[in-house]
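**Q** Have a look at this one before I ask anything.
The values are calculated or read from the model by the stated rules, or taken from the named source; none is laboratory data. Computed from a predicted structure; not experimentally measured. Backbone-built Cβ (ideal geometry, glycine too); neighbour counts: all protein chains shown.
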Amino acid sequence: MLIAIILGSQMFAQIDSGTYYCNDIYNSLCEDQIVIHTDTINGYAYLYIDQYGIRIKNYNNIGYYYPWLYIGYFVDYQTYLLDNGDKIVLAPEINGFYHFYDRQEDEKEYKKLTEYHNVQKKK
C-alpha cells in the first residue's frame, strides 16, 4: 500500500496543476528525429493541466483534452504519454514544453513538433 502511494505521488509531482499561458510558439516538421523546417506561430495558447491530463487551447478554439500518463525520463526529458500516442516533454532549456505528434511506426519517431517557449503559470 505504501509503495502505491509513493508511486502515485511521484507520477503527478512533475508539473503543477493549473493554467499556463504561452505566446511564443513554433511548429516544426521532423525527419529522422531532426528538425528540417520550423514556422513561428502568431498567436497564443492556454495549457490547462491537472493530474490526469492537459487541455491545449490555441487562440479562440475550445481546445482538446488529452489524458496522460507520466512515463518518467525519455531521452533525458521528463515525459508524459498522451492517450493518442503523442508525447508532452518538459523542456527546461526553453522554459516550456515540446508536444510531439504524428507518430510513425517507430514510437520514437514523430513527424511533427510544437514548441511552447516561455510558458508562464497564470495566477
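**Q** So in segment 56-93, with the set limited to residues that are crowded, with 16+ Cβ neighbours inside 10 Å, β-branched (Val, Ile, Thr) and under 19 Å from Gln33 (Cα atoms), which one is farthest from the chain's Cα centre (by Cα)?
**A** Out of the qualifying residues, it is Thr79.
**Q** So which of Asn58, Asn27, Asn84 ends up being of a type outside the set (Asp, Glu), modelled with pLDDT of 85 or more and in contact with a Ser or Thr (Cβ under 8 Å, 6 or more places away or on another chain)?
**A** Within the list Asn58, Asn27, Asn84, the selection yields Asn27.
**Q** Among residues belonging to segment 101-120 that are without any contact (Cβ under 8 Å) to a residue 24 or more places away in the chain and either touching a Pro at 6+ places or on another chain (Cβ under 8 Å) or part of a strand (DSSP E or B) (or both), point out the one that is farthest from Tyr21 (Cα to Cα).
**A** Checking each candidate, the answer is Arg103.
**Q** Quick one: which residue in Tyr46, Tyr73 is assigned to a strand (DSSP E or B) and touching a Lys or Arg at 6+ places or on another chain (Cβ under 9 Å)?
**A** It is Tyr46.
**Q** Within segment 68-100, can you find the residues that are over 20 Å from Gly18 (Cβ atoms) and either touching a residue at least 40 places away in the same chain (Cβ under 8 Å) or of a type outside the set (Asp, Glu) (or both)?
**A** Within segment 68-100, Ile71, Gly72, Tyr73, Phe74, Val75, Tyr77, Leu81, Asn84, Gly85, Lys87, Phe100 meet the criteria.
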